[in-house]
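The values are calculated or read from the model by the stated rules, or taken from the named source; none is laboratory data. Keep in mind the model is a prediction, meaning the values are calculated, not measured. Positions of Cβ are backbone-derived with ideal geometry, glycine not excepted, and every protein chain shown enters the neighbour counts.
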């Protein structure tokens, strides 16, 4: 359990202080360990960040594999968005770490997993008969769902809080329209000066 305690402490400090402003000594102190004990589990801050993001990476890879094994269709697209939303809501602190420390995690395996997941989900969501505009709407819907900043809500909470389904609802709408061939709502005309 020491490893999990180190990872939980590191995640909290990386999010609170930033990756670059958190040393291994800071993490050891907060976890109530010596630096030598921390080194037993993690030799570098980079290895520790990988450890903190390992579960998210694994979940993204599993979602990508699930999406890759499905045939495109509206039901699969809707289920994919629900699965993606649940995964990302549960991983709100890790996503915040990724968002606020992009340079530090650029070489992390989580970055590759996010891109693979995006590609597989995108392929699953796009109906072959969709118009170019509907295909773009599906891409935007997926990007919105994967956008870490969109998961933040104004009062400082996150979209992971119970009852917060607006993000998923907004992402599902264009996907449903694309699969049903329904026209998108007409743009409101701009008033003339």
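State which residue pairs qualify: first residue closer than 19 Å to residue 137 by Cβ and inside the range 113-127, second residue not in a helix (DSSP H, G or I) in any location, beta carbons under 6 Å apart, and separation of 6 or more residues or different chains.
Taking only residues 6 or more apart or on different chains, the pairs are 124/70; 124/72.
On the given criteria, is residue 104 in a helix (DSSP H, G or I), over 30 Å from residue 173 (Cα atoms) and assigned by TED's automatic domain parsing to the domain that holds residue 135? Write out each step before concluding.
On the way: in a helix (DSSP H, G or I): yes; over 30 Å from residue 173 (Cα atoms): yes; assigned by TED's automatic domain parsing to the domain that holds residue 135: yes.
Here the answer is yes, as residue 104 does meet what is asked.
Looking at (1) part of a helix (DSSP H, G or I); (2) farther than 24 Å from residue 1 by Cα, which one does residue 130 not meet, given that it meets all the others?
(1)
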